[in-house]
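Participant: Okay, handing you the structure first.
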Amino acid sequence: MLTRRLGRTGLKVAALCLGGNTFGWTTDQKASEAVLDAYVEAGGNFIDTADVYSRWAPGNTGGESETALGVWLAARRNRPAVLIATKVMGPMGPGPNDQGLSRFHIMEGVEASLRRLQTDYIDLYQAHWDDRDTPLEETLRAFDDLVRQGKVRYIGASNYHAWRLTRALWESDRLGTVRYECLQPKYNLVMRDEYERELEPLCLEQGVGVIPYSSLASGFLSGKYRAGEALPKTARAGGVEKTYMNERGFRVLAAVEKVAASVNATAAQVSLSWLAHRPGITAPIASATSVAQLRELLGALELRLDPEATAALDQASAWRDT
């Protein structure tokens, strides 16, 4: 499988990161392990999760995804072969200190994640969201201590605005601490402007790796959502309808499907290929609920769109005049 260096680090990661948000939620343990096995067998080594996955589901308390992943790691005894990325910041309890990027919550959160993952280190530990209530110095020094202790190898950020990521990089340089080596933004063919306007030039200039989430627009870019038709019976359908089922969304989808037909690929493969081969992109994150779905996603790495196809997608999804 195609691999890329994560930011300025020496770490080589698969160019398609397997999203673990469905583990313990819409994918049970058996199905999760089948997907994980198939991903590793195909040469994949990069798996993303978070401590809050899937706290939002009825009956869940958070940590379900990490727990499912930990059971698989223990059963396969393959910890050195895979790179685990997880996150901290979201609420994990009712108390005022059970969330955020304070030293208190980071230190509590990493120990809980390590227990659930059944490991003694995390390859990439990410700030899930920005925390404006906690000084960046406190957050970065806590992360730095975890790296020095060997509990974390590298750190990253998710859902940061460009000015806050710039400030964090500056603070790391000023303090002499580890820095955010990658960014996890929401980025796909339909939703381009938020990342491309300011974050893209910043990450390119500073050598920050980029691992976009919502790469397929929560499944919208797979082509299973149609105007005037009943929504698929999935947990994410309501959010997709609100965010992507509009004039712009369907215009982009039509262009994707036209390209897909011309290259004998699926809409999901075309959408992921466009993203995976964008300048500065390290590895799009995509989740799969079955082995067949995973194999379809992996096919996107082998698909190289020609300039004409890429230009057609760029034009249909453009957020500004070029």
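The values are calculated or read from the model by the stated rules, or taken from the named source; none is laboratory data. In this text, all values refer to a predicted model and were calculated from it rather than measured experimentally. Cβ coordinates were reconstructed from backbone atoms using ideal geometry, including for glycine residues, and neighbour counts include every protein chain displayed. Note: accessible area is taken over every heavy atom of the protein model, side chains too, but ligands, DNA and RNA are not part of it. Shrake-Rupley method; radii C 1.70, N 1.55, O 1.52, S 1.80 Å.
Participant: Being closer than 25 Å to ARG197 by Cα and in contact with a helix residue (DSSP H, G or I) (Cβ under 8 Å, 6 or more places away or on another chain) is true for just one of VAL259, VAL263, VAL252. Which residue is that?
Facilitator: VAL252
Participant: Could you list all residues from segment 176-205 that are aliphatic (A, V, I, L, M) and part of a helix (DSSP H, G or I)?
Facilitator: Passing the criteria: LEU199, LEU202, LEU204.
Participant: Just name the residue that is nearest to ALA74 (Cα to Cα) out of those in segment 16-34 that are aliphatic (A, V, I, L, M) and crowded, with 22+ Cβ neighbours inside 10 Å.
Facilitator: Among those residues, the one meeting the criterion is LEU18.
Participant: Quick one: which residue in ASP37, ASP98, ASP48 is among the acidic types (Asp, Glu) and over 20 Å from ILE285 (Cα atoms)?
Facilitator: Just one listed residue meets the conditions, ASP98.
Participant: Looking only at segment 267-291, count how many residues are closer than 21 Å to LEU204 by Cβ, without any contact (Cβ under 8 Å) to a residue 60 or more places away in the chain and part of a helix (DSSP H, G or I).
Facilitator: The number of residues fulfilling the criteria is 1.
Participant: Further question: In segment 161-208, which residues are closer than 17 Å to ILE285 by Cα and polar (S, T, N, Q)?
Facilitator: GLN184, ASN188
Participant: On to the next question. Any residue in segment 130-152 that is more than 27 Å from TRP274 (Cα to Cα), assigned to a strand (DSSP E or B) and either without any contact (Cβ under 8 Å) to a residue 12 or more places away in the chain or touching a helix residue (DSSP H, G or I) at 6+ places or on another chain (Cβ under 8 Å) (or both)?
Facilitator: Yes, segment 130-152 contains at least one residue that is more than 27 Å from TRP274 (Cα to Cα), assigned to a strand (DSSP E or B) and either without any contact (Cβ under 8 Å) to a residue 12 or more places away in the chain or touching a helix residue (DSSP H, G or I) at 6+ places or on another chain (Cβ under 8 Å) (or both).
Participant: Filter segment 115-129 down to the residues that are in a loop (DSSP other than H, G, I, E, B), within 20 Å of TRP72 (Cα to Cα) and either open to solvent by less than 20 Å² (accessible area, probe 1.4 Å) or not polar (S, T, N, Q) (or both) and list them by number.
Facilitator: ASP120, TYR121
Participant: Further question on the same structure: Condition first: open to solvent by 40 Å² or more (accessible area, probe 1.4 Å), part of a helix (DSSP H, G or I) and more than 29 Å from ARG8 (Cα to Cα). Now tell me which residues in segment 292-322 satisfy that.
Facilitator: Across segment 292-322, the qualifying residues are ALA292, GLN293, ARG295, GLU296, GLU308, ALA311, ALA312, GLN315.
Participant: Check whether at least one residue in segment 153-161 is touching a residue at least 24 places away in the same chain (Cβ under 8 Å), of a type in the set (Gly, Ala, Ser) and open to solvent by 30 Å² or more (accessible area, probe 1.4 Å), and report yes or no.
Facilitator: There is no residue in segment 153-161 that is touching a residue at least 24 places away in the same chain (Cβ under 8 Å), of a type in the set (Gly, Ala, Ser) and open to solvent by 30 Å² or more (accessible area, probe 1.4 Å).
Participant: Any residue in segment 6-28 that's without any contact (Cβ under 8 Å) to a residue 40 or more places away in the chain: show its pairings with residues that are surrounded by fewer than 24 Cβ atoms within 10 Å (Cβ to Cβ) and among the hydrophobic types (A, V, I, L, M, F, W, C) at Cβ separation under 6 Å, as long as the two are six or more apart or on different chains.
Facilitator: Note: no pairs meet the criteria.
Participant: Taking into account only those residues within segment 75-85 that are in contact with a Leu (Cβ under 9 Å, 6 or more places away or on another chain) and free of Cβ contacts under 8 Å to residues at least 60 places away in the same chain, which is surrounded by the most Cβ atoms within 10 Å (Cβ to Cβ)?
Facilitator: Restricting to residues being in contact with a Leu (Cβ under 9 Å, 6 or more places away or on another chain) and free of Cβ contacts under 8 Å to residues at least 60 places away in the same chain, the top hit is ILE84.
Participant: Can you say whether ALA237 is over 29 Å from GLN29 (Cβ atoms) and not charged (D, E, K, R), as far as the supplied structure shows?
Facilitator: When the stated conditions are applied, ALA237 does not pass them.
Participant: Follow-up. Among the residues of segment 91-109, are any under 30 Å from LEU301 (Cβ atoms) and modelled with pLDDT of 95 or more?
Facilitator: no
Participant: Looking at segment 43-70, which of its residues are surrounded by fewer than 18 Cβ atoms within 10 Å (Cβ to Cβ) and either out of contact with any Gly (no Cβ under 8 Å at 6 or more places or on another chain) or over 23 Å from ALA235 (Cβ atoms) (or both)?
Facilitator: GLY43, TRP56, ALA57, PRO58, GLY59, THR61 - these are the residues of segment 43-70 that are surrounded by fewer than 18 Cβ atoms within 10 Å (Cβ to Cβ) and either out of contact with any Gly (no Cβ under 8 Å at 6 or more places or on another chain) or over 23 Å from ALA235 (Cβ atoms) (or both).
Participant: State all residues of segment 162-194 that are among the polar types (S, T, N, Q) and crowded, with 22+ Cβ neighbours inside 10 Å; if no residue qualifies, say none.
Facilitator: Answer for segment 162-194, where residues must be among the polar types (S, T, N, Q) and crowded, with 22+ Cβ neighbours inside 10 Å: GLN184, ASN188.
Participant: Residue by residue through segment 206-220, note down the ones that are in a loop (DSSP other than H, G, I, E, B), over 19 Å from THR9 (Cα atoms) and not polar (S, T, N, Q).
Facilitator: LEU216
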